[in-house]
Amino acid sequence: MIVKMNKITLLGMDYQREALTKTLMELGAVEISEVIADDYSELVENPKVQEELSRIETELAEVDSSLSCLKKYSPVKKQLFKNRRDVTVSEFNKVIKNIGRVRDMVNEILQKEEHLVSLRSEENRLNNLYISLLPWKELNAPLEYSGTKKTVFQYGTIPSINDWELIQSEVSEKFPDAYIERINNDKDQHYLFFIVHKESEQEFLSYLQSKGYNRVTFSNLTGTVAYNMDRISMRIEEISAEREKTIDNIKDIGKDRKDLEILYDWLLMEKGRLEATERIIKTKKVFLITGWVPERYAMEVKKIIESKYIVSVEIEEPADDEEFPVLLENRGIAEAGEPVMQMYSLPNSREIDPNTVMAPFFIILFGIMFSDGGYGLILALLSGIILWRFELEDSMRKFMKLMFFCGLSTMFWGLMFGGWFGISSLVQYAVWFDMVSEPERMLSWSLLFGIIHIYAGFALKAANLIREKKYLDALFDVGFVYVFYTGAVLCLLPYIPAINAGKAAPLVNTGKYMLVIGGVLLILTQGRSKKNIFSKLAGGLFSLYDVVGFLSDVLSYSRLLALGLATSIIASIINEISFMFDFPIVLKIILAVAILLVGHTVNFGINALGAYVHSCRLQYLEFFGKFFTGGGQAFSPLKINTKYTKLKSDAEQEIMPVHTA
C-alpha cells in the first residue's frame, strides 16, 4: 500500500538551523521540499552552501579514488550479498574525531598512485626505446657520433624490398668516397649506417632517398647500443622494484581501509545534509522548512523537534488534489512484487498500489512459463537459502523473496504439467495434463489466463474511480466494457483451439446478446465528455474499436505456451543427448553427467531470464495499460545514507548523534 503522508512546516531560529537539520537526518523521516518564496525574494534567501558542497564533492571524489586504488592493489573479500558492514555510532565518531589522520592517508594513497602512474609511463617509454634499439644491437659505434669536419655519419633504414647487394654495388660504383654497411635486417627494413664526404652528401642522400631511405636519430642517447640497452634493462628492474615497494606501502595503508570507508560515508552524509539545506529559506533571524513526513511518525517527529529546539512545527494533511511523495509499504507476496513495480514506475500518490494484485499474477505467470518443477525446486532452494543465511539490503531481499515465490509457483506448475528436469517418464504423473502433447489445450488456457489478468487490470481501474467517488465512470468505463468484451470472447469460443463448438453454442448465443448490449451501452456512454450529440455518438462508436486492442492483448498470452514448451522440450532433448553416445560405461557416465550439468544449467538460466522478462512485459503492457497512471515521486527523506557502513546505535543511545562539519 501507499503510506499516507502529512505536510510538515518548521519555523525556527536560524542559529539552531544546522543542529536541527542534523536531528532531522538522524530521525530519517522527513523529506525537505524546496520552498517557493517568489513574493518574498527580497526578504529571504537560501543558505549559501555551494562552496562547502563543492569542497565536499571534491573530497568525496578523492576518497573514492583512494578506495578504488586499495581495491586494485589490496583487494579484500567481502561477504556475499552484503555491501555494508555494521559500525556503531561510537566507532564511527571516533574515526571522524581523527579525520585529519584519515585525510592524510587519502593524500598519501593518491600520491603513491600518481607515482605508480609515472613509473608505468616511464616503463612503457623505456620498453619502447629498448624495442627500437634491438635491431641496432650489433652496432659498436657511439650513437651520438655524427661524423668529422669533412665527413657525414648517419643511421637509417631502407625498405627490405630493395636488393641490398645491388645497393652496395651501386654505392661502390657511383660514390667511391662513401661507405655503407648493413647492421641488421628483417622482413620490413634494412638497418644501416653510412659515412660519406661532405662534398657528396646531397647527391648520396638523393640516391638513398630514391630507395626509400629514412634517417634514424637517437636523441639524448650517448655511447653504444649495448651500453644503452644495459642501462635501460637496469632502470626497468629498478622501476619494477620501486613499483613493488610502492604497492607494499599502499597495502600497509590498506589495513586502515575501514577508516577510509567511514570518511567516505561521513562525506556522503554531509553532502546529503548540505543539499537539503539548499532547499531551506531563511532571513537573518529565522528559517523555514517545508516537507513531508509519514502520517504515523508525524506527531512523534513534532514532539522530538519541539522538545529540543525553539521551533514551531505544523502538521497538516495534504489537500485532496495535492500530490505527495510515494512510499510503498507491503508485506508477503505484495512486498515481493515491488522490484517489478519500481523497474517500471512508482504509482501515483492518489491511486491504489497495484502490488497486492500484480505480484500474485507475476508469480503465477512466471511459474507457467518456467514450467519445470525441478528447476522451480532449485530456484526456491537457492533463493530461500540466500534469504535465510545472508543479511541482505532491502532491495535485494525483496528480489530474492520474489524469486522464492516464483520457485514455488514453478514447482506447482511442474506438478500440474508433469515437468521435472525434462524426464519423460514422469510426465505420466501430471496432475492436470502434459502441455507438450496437448499444446492446443494449453493455448486455450493461456488465453483464459490472459483474459483473467486483463480483467483484473480493469477491476483496479474501477477501484481507483470508486476511490475518487466517480461511481458512474466506474460503471460506464469498466462495467459496460466487461459486458462488451465478455460478449466478444464468448462469440469467438468456437474458433479457440481445443474448444468443443457444440458445447460452446449456448455460451456463443449468450455472447451475442452481451456483445450487442455492451456495444449499445458503450456507444451511449463513451463519448459523454464531448460537447454535441454527434461527437458523443462518434466517440462511442470509436470506442468499440478498442476490442481489437483487447483481443490483441489476449493473444500476447500465447507466450505462456511458447516459453513453457521451450523449457520442457529443451530439457528433454538435453536428457536424450546425454545418453546417446556409444562409449565405454565409465566414459559414458562422465560425459552424460557433464552434458546434463552444463545443458540444464544453460537451460535453467536462459528460461528463467525469459520467464522473468516476459512476465514483466505482461505486467507493464497488458496489465498496467488498463489502469496504471504512475509517475509517482519516491519519498526521499533526509537520512543517513551510506555506501560502506550501516550505523548501529550504541546500547545506551536512543538517538544517533553523528558529527557533521
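The values are calculated or read from the model by the stated rules, or taken from the named source; none is laboratory data. Model, not experiment: these values are computed from the prediction. Here Cβ is always computed from backbone atoms with ideal geometry, including for glycine, and neighbour counts include all displayed protein chains. For accessibility, only protein heavy atoms count, side chains too; no ligands or nucleic acids. Shrake-Rupley method; radii C 1.70, N 1.55, O 1.52, S 1.80 Å.
Send over the per residue convex hull volume for segment 293-381, Cα only, as a whole number of Å³.
Values: hull volume 12.4 nm³, N = 89.
In segment 293-381, the Cα hull volume divided by residue count equals 139 Å³.
Given the alpha-carbon gyration tensor of the chain, what are the semi-axes of its equivalent ellipsoid in whole angstrom, ordered largest first, with each equal to the square root of 5 times an eigenvalue?
Numbers: eigenvalues 914, 410, 167 Å².
That gives 68, 45, 29 Å for the three semi-axes.
Assuming R0 = 25 Å, what is the FRET efficiency of LYS251 and GLU122, from their Cβ-Cβ distance, to the nearest 0.05? Before the final figure, lay out the partial values.
Values: r = 22 Å, r/R0 = 0.88.
The value I calculate is 0.70.
So what's the angle, to the nearest 10 degrees on a 0 to 90 scale, between helix 559-578 and the longest Cα principal axis of the chain?
50
As an exercise, find the ratio Rg/Rh for segment 357-500 from alpha-carbon atoms, using the Kirkwood inverse-distance average for Rh. Intermediate values should be presented prior to the final figure.
Working: Rg = 19.3 Å, Rh = 17.7 Å.
Ratio of gyration radius to Kirkwood radius: 1.09.
Choose one of THR410, ILE466, SER395: the residue whose Cα lies farthest towards the positive end of the charge dipole of the chain (beta-carbon charges +1 Lys, Arg; -1 Asp, Glu; about the Cα centre).
With unit charges placed on the Cβ atoms, the residue in question is ILE466.
For segment 183-337, what is the charge dipole size about the Cα centre, in debye to the nearest 20, if Lys and Arg each add +1 at the Cβ and Asp and Glu each add -1 at the Cβ? Numbers along the way, then the final one.
Numbers: 23 positive and 31 negative charges, 157 e Å.
Value, rounded to 20: 760 debye.
Which is farthest toward the positive dipole end of segment 81-214 among PHE204, GLN154, VAL106, measuring Cα position about the Cα centre, with Cβ charges +1 (Lys, Arg) and -1 (Asp, Glu)?
Toward the positive end, the furthest listed residue is VAL106.
Expected output is a single nm value to one decimal: the length gained when fully extending between ASP188 and LYS285, i.e. 0.36 nm times separation in residues minus the C-alpha distance. What is it? Please list the in-between numbers first.
Details: separation 97, 0.36 × 97 = 34.92 nm, distance 8.13 nm.
Length difference between fully extended and current span is 26.8 nm.
Over the chain, with the other protein chains present, what is the accessible area per residue in square angstrom, probe 1.4 angstrom? Intermediate values should be presented prior to the final figure.
Numbers: 35290 Å² over 661 residues.
On a per-residue basis, the chain sits at 53 Å².
Write down Rg/Rh for segment 418-466, rounded to two decimals, with Rg from the C-alpha atoms and Rh from the Kirkwood relation over Cα pairs. Please report the intermediate quantities before stating the final value.
Values: Rg = 16.6 Å, Rh = 13.1 Å.
Taking Rh as the inverse mean 1/r over Cα pairs, Rg/Rh reads 1.27.
To the nearest 20 debye, what is the magnitude of the charge dipole of segment 3-162 about its Cα centre, counting +1 on the Cβ of each Lys and Arg and -1 on the Cβ of each Asp and Glu?
Values: 23 positive and 25 negative charges, 245 e Å.
It works out to roughly 1180 debye.
Calculate how steeply helix 50-73 sits against the longest principal axis of the alpha-carbon atoms of the chain, using the helix alpha-carbon long axis, and give the answer as 0 to 90 degrees to the nearest 10.
The answer is roughly 70 degrees.
Let me test this: with uniform point scatterers at the alpha carbons of segment 1-89, what is the Debye-based log₁₀ I(q)/I(0) at q = 0.15 1/Å?
Log10 of I(q)/I(0), two decimals: -0.98.
Amide H to amide H, which residues 5 or more places from VAL216 or on other chains are under 5 Å from it, using H placed in the peptide plane?
Hits under the 5 Å cutoff: TYR155, GLY156, THR157.
Near the amide H of VAL286, under 5 Å away, which other amide H atoms are found, from residues 5 or more places off or on another chain, if H is placed in the peptide plane?
Under 5 Å from the amide H of VAL286 lie the amide H atoms of ASP14, each far enough along the sequence or on another chain.
Going toward the positive end of the dipole of segment 485-625, with +1 on Lys and Arg Cβ and -1 on Asp and Glu Cβ, which of ILE595, LEU515, ASN607 do you reach last?
Among ILE595, LEU515, ASN607, the one farthest towards the positive end of the dipole of segment 485-625 is LEU515.
May I have the convex hull volume per residue, in Å³, for the Cα set of segment 351-393? Don't skip to the end; give the middle numbers.
Working: hull volume 3.9 nm³, N = 43.
Cα convex hull per residue, to the nearest whole number: 91 Å³.
Rounded to whole Å and sorted largest first, list the principal axis extents of the Cα atoms in segment 532-661.
Result for segment 532-661: principal-axis Cα extents of 79, 72, 23 Å.
Can you give the alpha-carbon Rg of segment 206-336 over 2.2 N^0.38 Å, where N counts its residues? Please list the in-between numbers first.
Numbers: Rg = 34.3 Å, N = 131, 2.2 N^0.38 = 14.0 Å.
That ratio works out to 2.44.
Among rounded, prolate and oblate, which fits segment 147-216 when a ≥ b ≥ c are the square roots of the eigenvalues of its C-alpha gyration tensor, a/c under 1.5 means rounded, and a/b larger than b/c means prolate? Before the final figure, lay out each step's value.
Numbers: a/c = 1.92, a/b = 1.52, b/c = 1.26.
It is prolate, given that a/c is not under 1.5 and a/b is the larger ratio.
Dipole of the chain, Cα-centred, from +1 at each Lys and Arg C-beta and -1 at each Asp and Glu C-beta, to the nearest 20 debye?
The calculated dipole for the chain is roughly 1640 debye.
Applying a 10 Å radius around every beta-carbon, put 486-493, 144-151 in order of their mean neighbour count, most first. Intermediate results must be reported in sequence, preceding the final value.
On the way: 486-493: 18.8, 144-151: 11.5.
Going from most to least packed, we get 486-493, 144-151.
Using a ≥ b ≥ c from the Cα gyration tensor of segment 562-639 (square roots of the eigenvalues), is it rounded, prolate or oblate, where a/c under 1.5 gives rounded and otherwise the larger of a/b and b/c decides, a/b for prolate?
Numbers: a/c = 10.43, a/b = 2.62, b/c = 3.98.
Cα axes put segment 562-639 in the oblate bin.
State the dimensionless ratio Rg/Rh of segment 65-112 (Rg: radius of gyration of Cα atoms; Rh: Kirkwood radius).
Details: Rg = 13.1 Å, Rh = 12.6 Å.
Ratio value, two decimals: 1.03.
Whole-Hz Karplus ³J(HN,Hα) for segment 586-602, in order, using 6.51 cos²θ - 1.76 cosθ + 1.60 and θ = phi - 60°, x for Gly and Pro?
My calculation for segment 586-602 gives 5, 4, 4, 5, 4, 5, 5, 4, 5, 5, 5, 5, 5, x, 6, 5, 5 Hz in order.
Explain nothing, just the number: relative contact order of the chain, from Cα pairs under 8 Å at least 6 residues apart, as a whole percent. Could the numbers behind the result be given before it?
On the way: 947 pairs, mean separation 154.3, N = 661.
Relative contact order for the chain comes out at 23 percent.
Roughly speaking, what is the stretch gain from LYS174 to SER552, that is 0.36 nm per residue apart minus the C-alpha to C-alpha distance, in nm to one decimal?
Values: separation 378, 0.36 × 378 = 136.08 nm, distance 8.93 nm.
Residue separation times 0.36 nm, minus the Cα-Cα distance, leaves 127.2 nm.
Based on the alpha-carbon set only, what is the convex hull volume of segment 416-561 divided per residue, in Å³? Before the final figure, lay out each step's value.
Values: hull volume 18.3 nm³, N = 146.
Spread over its residues, the Cα hull of segment 416-561 gives 126 Å³ apiece.
Explain nothing, just compute: Karplus ³J(HN,Hα) = 6.51 cos²θ - 1.76 cosθ + 1.60, θ = phi - 60°, for every residue of segment 425-437 in order, whole Hz, x for Gly and Pro.
Once θ is set to phi - 60°, the couplings for segment 425-437 become 5, 8, 4, 5, 8, 4, 5, 10, 7, 8, 5, 5, 8 Hz.
May I ask what percent, to the nearest 5, of DSSP beta bridges between residues of the chain are antiparallel? Intermediate values should be presented prior to the final figure.
Working: 41 of 46 bridges.
If I count the DSSP bridges inside the chain, around 90 percent turn out antiparallel.
Taking all protein chains in place and a 1.4 Å probe, what share, in percent, of the accessible surface of segment 437-535 do carbon and sulfur account for? Intermediate results must be reported in sequence, preceding the final value.
Details: 3790 of 5510 Å².
For segment 437-535, the apolar C and S fraction of the accessible surface comes to 69 percent.
Counting helices only, and only those DSSP H runs with n ≥ 4, report the 222 nm mean residue ellipticity of the chain as the sum of -39,500 (n - 2.57) divided by its residues, in deg cm²/dmol to the nearest 500.
-19000 deg cm²/dmol
Using only the alpha carbons of segment 33-148, determine the length spanned along each of the three principal axes and report them from longest to shortest in whole angstroms.
Extents along the principal axes, in whole Å: 87, 46, 29.
Take the alpha carbon atoms of segment 174-280, find their radius of gyration, then divide it by 2.2 N^0.38 Å using N residues; give the quotient.
Compared with the compact-globule rule of thumb, segment 174-280 sits at 2.33.
Name the residues whose placed amide hydrogens come within less than 5 Å of the amide hydrogen of ASP353, ignoring near sequence neighbours (fewer than 5 apart) on the same chain.
So ASP353 has HN proximity to ILE2.
Based on the Cβ-Cβ distance of TYR429 and GLU242, what FRET efficiency does E = 1/(1 + (r/R0)^6) give at R0 = 60 Å, to the nearest 0.05?
On the way: r = 70 Å, r/R0 = 1.17.
The formula returns an efficiency of 0.30 here.
Tabulate in residue order the Karplus-calculated ³J(HN,Hα) for segment 271-288, using 6.51 cos²θ - 1.76 cosθ + 1.60 with θ = phi - 60°, rounded to whole Hz; enter x for Gly and Pro.
In residue order, the calculated couplings are 4, x, 5, 5, 5, 5, 4, 4, 8, 8, 10, 8, 10, 5, 10, 10, 9, 10 Hz.
Note the angle between two axes, namely the Cα long axis of helix 17-27 and the longest principal axis of the Cα atoms of the chain, as a number of degrees from 0 to 90, rounded to the nearest 10.
Value to nearest ten degrees: 70.
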